Amino acid sequence: MSETPAVLFVCLGNICRSPLAEAAFRAAAERAGLAVHVESAGLGHWHLGYPPDPRAEAVARRHGIEMGDKRARLVTPEDFDRFDFVIGLDRDNLAGLRRIAPAGSRAEVSLLLDHVPGRKGQSVTDPYYEEDSAFDDAWQDACEGAEALVERLKAKAAKR
Ligand code: 4NP
């Protein structure tokens, strides 16, 4: 792994869950004093170039975090060599990532909640067609995953 771990979060639209995970992870890493490179991307093309969903921006803002100038983009085959971790938000995302990951690429591909003890294999539920409270749930899951990943990366950095 490179000195500064590079993490890419991936969901379907790149306007709800993966931008939340990106924001939660950036904040958790900053609190931990851990230097990271973090981005997010999507597997679907519907919202390319769009900012995060206003409901996602609102929940992050309620927790004191601004998403900045994030715009939706597609995950690419090159991402699997640019990033140390490519992390799907749900099981469909993970399956999609495994389909497009070039053979022999360096990224570790996983599911966000795989990193949380006791939550292996769980998906972060897609909030897009749900009511606002679903965005609170997605935020909580994003934070749990982000904290767990930061713990893992901190432990790894301490061993270097
Ligand atoms: P996301 O949510 O994958 O968490 O960004 C979605 C956004 C848009 C759609 C589905 C999920 N859509 O079907 O347009």
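The values are calculated or read from the model by the stated rules, or taken from the named source; none is laboratory data. The model shown is predicted, which means the values in this text are computed figures rather than measured ones. Note that we place each Cβ from the backbone using ideal geometry, even for glycine, and neighbour counts take in every protein chain shown. Protein only, heavy atoms only, side chains kept; ligands, DNA and RNA dropped before computing areas. Shrake-Rupley method; radii C 1.70, N 1.55, O 1.52, S 1.80 Å.
Check which residues have an amide H placed less than 5 Å from residue 109's amide H, if you skip close sequence neighbours.
86
Heavy atoms only, probe 1.4 Å: what % of the accessible area of the chain goes to carbon and sulfur, would you let me know?
Working: 4030 of 7920 Å².
Carbon and sulfur together cover 51 percent of it.
Which value, in Å², gives the accessible area per residue of the chain when a 1.4 Å probe is used on the protein heavy atoms?
Working: 7920 Å² over 160 residues.
About 49 Å² of surface per residue is accessible.
Extending each Cα 7 Å along its Cβ direction at residue 100 and residue 45, get the distance between those two points in nm, one decimal.
1.1
Any chance you could run the full-extension gain for residue 92 through residue 114? It's 0.36 nm times the residue separation minus the Cα-Cα distance, nm to one decimal. Don't skip to the end; give the middle numbers.
Values: separation 22, 0.36 × 22 = 7.92 nm, distance 1.41 nm.
That works out to 6.5 nm of additional length.
In the Gaussian network model of the chain, springs joining C-alpha atoms below 10 Å, which of 21, 95, 146 carries the largest mean-square fluctuation?
Top of the fluctuation ranking is 95.
What percent of all Cα-Cα pairs in the stretch 98-160 falls into each 10 Å bin, going from 0 up to the bin containing the maximum distance?
Binned Cα distances yield the sequence 19, 36, 34, 10, 1.
Could you check what % of the DSSP bridge pairs in the chain are antiparallel, to the nearest 5? Spell out each step's value before the answer.
Numbers: 0 of 15 bridges.
Of all bridge pairs located within the chain, approximately 0 percent are antiparallel.
Can you work out the Karplus-derived ³J(HN,Hα) for every residue in the stretch 28-39? Use 6.51 cos²θ - 1.76 cosθ + 1.60 with θ = phi - 60°, whole Hz, and x for glycine or proline.
5, 5, 4, 4, 7, x, 9, 6, 9, 10, 9, 9
Which cross-chain or sequence-distant (5 or more) residues have an amide H under 5 Å from the amide H of residue 38, H modelled 1.01 Å from N in plane?
Answer set, sorted by chain and number: 7.
Go ahead and estimate [θ] at 222 nm for the chain from helices alone: -39,500 (n - 2.57) per DSSP H run with n ≥ 4, summed, over the residue count, rounded to 500.
On the way: 5 runs with 66 residues, N = 160.
Roughly -13000 deg cm²/dmol at 222 nm, from the helical runs in the chain.
Using the Karplus curve 6.51 cos²θ - 1.76 cosθ + 1.60 with θ = phi - 60°, what ³J(HN,Hα) values do you get for each residue of the stretch 119-134, in whole Hz, with x for Gly and Pro?
Going residue by residue, I get 10, 3, x, 7, 9, 7, 5, 5, x, 4, 9, 9, 7, 4, 4, 5 Hz, with x marking Gly and Pro.
Across the stretch 50-62, in residue order, what do the Karplus-derived ³J(HN,Hα) couplings come to in whole Hz, using 6.51 cos²θ - 1.76 cosθ + 1.60 with θ = phi - 60° and x for Gly and Pro?
Residue by residue, the stretch 50-62 yields 8, x, x, 4, x, 6, 6, 4, 5, 5, 4, 5, 4 Hz.
Evaluate the stretch 27-160: find the radius of gyration of its Cα atoms, find its Kirkwood radius, and give the ratio Rg to Rh. Present the calculation step by step, with values, prior to reporting the outcome.
Numbers: Rg = 15.0 Å, Rh = 15.9 Å.
A ratio of 0.94.
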